[in-house]
Amino acid sequence: MNSRLRHERTQFLLFLGAAYVSLMCALPIVTSSLALQKRSHGTPVANQQPSFEQLDRDRDGYVDRAEALALPALDIVFNEADRRSDGRLDKVEFARALGMITDRQSTKVSRR
């Protein structure tokens, strides 16, 4: 085999090996950052309810209807929990809504 071709093949294989090693080294970093990103977007882990701060994405001190869509159960009780009928929940109304969700879930469990 020609020595020039052998040298180019060796360089190509070294390049492929370096690319593979760098991807494998970055894999744990990428997967952990994706897991953190998923948690920070208000996705509940197991049966844990997201906090008011996680749902209040625009940080205005209220959870509006669009932000409540991240938690489907909250969207169901939103109108009941909104005492002032302003289309948004403050921390007190949010706590009341979570209580209503818990009550409804416990009622469903006790009916079974």
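The listed residues are Lys108, Lys38, and the only one of them that is part of a helix (DSSP H, G or I), surrounded by 10 or more Cβ atoms within 10 Å (Cβ to Cβ) and out of contact with any strand residue (DSSP E or B) (no Cβ under 7 Å at 6 or more places or on another chain) turns out to be Lys38. Residues in the range 43-68 that are modelled with pLDDT of 90 or more, at negative phi and not in a helix (DSSP H, G or I): Asp56, Arg57, Asp58, Asp60, Tyr62, Val63, Asp64. For the range 79-92, filtering for residues that are under 17 Å from Arg57 (Cα atoms) and not basic (Lys, Arg) leaves 3. Just one of the listed residues (Val21, Val77) is touching a helix residue (DSSP H, G or I) at 6+ places or on another chain (Cβ under 8 Å), at pLDDT 90 or above and either farther than 30 Å from Arg104 by Cβ or not in a strand (DSSP E or B) (or both), and it is Val77.
The values are calculated or read from the model by the stated rules, or taken from the named source; none is laboratory data. Keep in mind that this is a model prediction, so the values were computed, not measured. When we count neighbours, we look across all protein chains shown, and the Cβ atoms used for this are built from the backbone with ideal geometry, even at glycine.
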